[in-house]
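See structure below.
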Amino acid sequence: MIRHDWTLEEIKDIYNTPLLELMYRAATLHRQYQDTAEVQVCTLLSIKTGGCSEDCAYCPQAARYNTGIDVQALMKKDEVLAFARKAKEAGSTRFCMGAAWREVRDNRDFDRVIEMVKGVNEIGMEVCCTLGMLTESQAQKLADAGLYSYNHNLDTSDEYYGEIITTRTYDDRLKTIDNVRKAGVTVCCGGIIGLGESHEDRINMLLTLSTMPEHPDSVPINALTRVKGTPLEHMPKVEFWDMVRMIATARILMPQAMVRLSAGRAEMSLAEQAMCFMAGANSIFTGEKLLTTKNPSFEEDHMMFELLGLKPREAFKEEKECCDHSHAH
């Protein structure tokens, strides 16, 4: 049964379950709601890099930190489509475009992004964007262009949020997610662990996600990528077991969501990644780069899929299933 009324106590109990038991519970639910052999393969491209006015403490693209990132203007549509085709040939079914903006402005750049969305959609991939804050009408424009999903992470708990970002509020984030939902676009929303937050904060973030009126369709679980020049560069590496615990808990709370093993995968062994899939992860980013940080290559991922007997989930699967059901009636 899909629930939206989880309590803090219940989530705490799940999160603190002995790890192997927790993984078993998550794996059992995963089997019930999903095809466990399927993993959604996504590729993320930074279409406009650096120079962002926000102060997110983890982000190498913030203009105020000196991280050696070259600020790059918005890419040309043709370049972006060439990337998308390459990703599709390598097995990706979802293509996500990220721009280092605080919010979307109604200007020529936004018009160009709209054209990119149309172009990627025509290639036959699910198109996702992450462009910062959105108004309802902007979300609608993207939806009309064929946007499939919008990523806007909560990052951490409401309580800890101010320690990481001061240039916008938690409510701003929730408002954008709401605007995306109203436009009928699917929501990709998760967070990052390893920002110096407590276990309590992680549980609170999962509480916010799992009690939304509709669960996010994708929940990325990121381990902090420590980047030199950012305020969080000296944070300790996230314990692998903490990632497994987060993934398994997210899987139990939101059994129909795609739980994405996102940043941090580059530092995991194959066996560790396999345990994350076992715990309920069923989505990854592939391709050499994750915005501006290293990621396993397509080749390595092909080998892993082969070994573990996994297959890429096809694009637009939900819609196809809905259509299939309608034939039955």
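The values are calculated or read from the model by the stated rules, or taken from the named source; none is laboratory data. Worth saying up front: this structure is predicted, and the values here are computed from it rather than measured. Note that each Cβ is placed from the backbone with ideal geometry, even for glycine, and that neighbours are counted across all protein chains shown. Note: areas computed on protein heavy atoms with side chains; ligands, DNA, RNA excluded. Shrake-Rupley method; radii C 1.70, N 1.55, O 1.52, S 1.80 Å.
Out of the total accessible area of the chain (probe 1.4 Å, heavy atoms of protein only), what percent is carbon and sulfur? On the chain, the fraction of accessible area on carbon and sulfur atoms equals 53 percent.
Placing unit charges on the Cβ atoms of the charged side chains and taking the dipole of the chain about its Cα centre, the candidate lying farthest along the positive direction among ASN204, GLY68, THR167 is GLY68.
Rolling a 1.4 Å probe over the heavy atoms of the protein chains gives the stretch 19-95 an accessible area of 48 Å² per residue.
Using Cβ point charges alone (K and R +1, D and E -1), the dipole size of the chain about the Cα centre works out to roughly 640 debye.
Farthest toward the dipole's positive end in the chain, which of LEU20, ALA223, VAL113, given Cβ charges of +1 (Lys, Arg) and -1 (Asp, Glu) about the Cα centre? The listed residue farthest towards the positive side: VAL113. Relative contact order of the chain: 24 percent, from C-alpha pairs under 8 Å at least 6 residues apart in sequence.
A straight chain from LYS317 to LEU19 at 0.36 nm per residue would run longer than the Cα-Cα distance by 104.1 nm. Dipole size of the stretch 70-218 about its Cα centre, with +1 on Lys/Arg Cβ and -1 on Asp/Glu Cβ: approximately 620 debye, rounded to the nearest 20. Taking label positions 7 Å along the Cα-Cβ direction at both THR169 and GLN72, the computed distance is 3.6 nm, reported to one decimal. Label sites at LYS12 and ASP111, each approximated as a point 7 angstrom past Cα along Cα to Cβ, lie 5.5 nm apart.
When a/c reaches 1.5 or more, the comparison of a/b and b/c decides; with that in mind, is the stretch 147-274 rounded, prolate or oblate per its Cα gyration tensor? Here the stretch 147-274 falls in the oblate category. Between the alpha-carbon centers of the stretch 83-139 and the stretch 22-43, tell me the distance in whole angstrom. Rounded to whole Å, the Cα centres lie 27 Å apart. Applying the Karplus relation 6.51 cos²θ - 1.76 cosθ + 1.60 with θ = phi - 60° to the stretch 128-138 yields 3J(HN,Hα) values of 10, 10, 9, 10, x, 6, 10, 8, 4, 6, 5 Hz, where x marks Gly and Pro.
In summary, the lysines within cross-link reach of LYS228, defined as a Cα separation below 16 angstrom excluding same-chain residues under 8 places away, comprise LYS237, LYS294. Net charge dipole, the stretch 77-152: roughly 180 debye, given to the nearest 20, about the Cα centre with Cβ charges of +1 for Lys and Arg and -1 for Asp and Glu.
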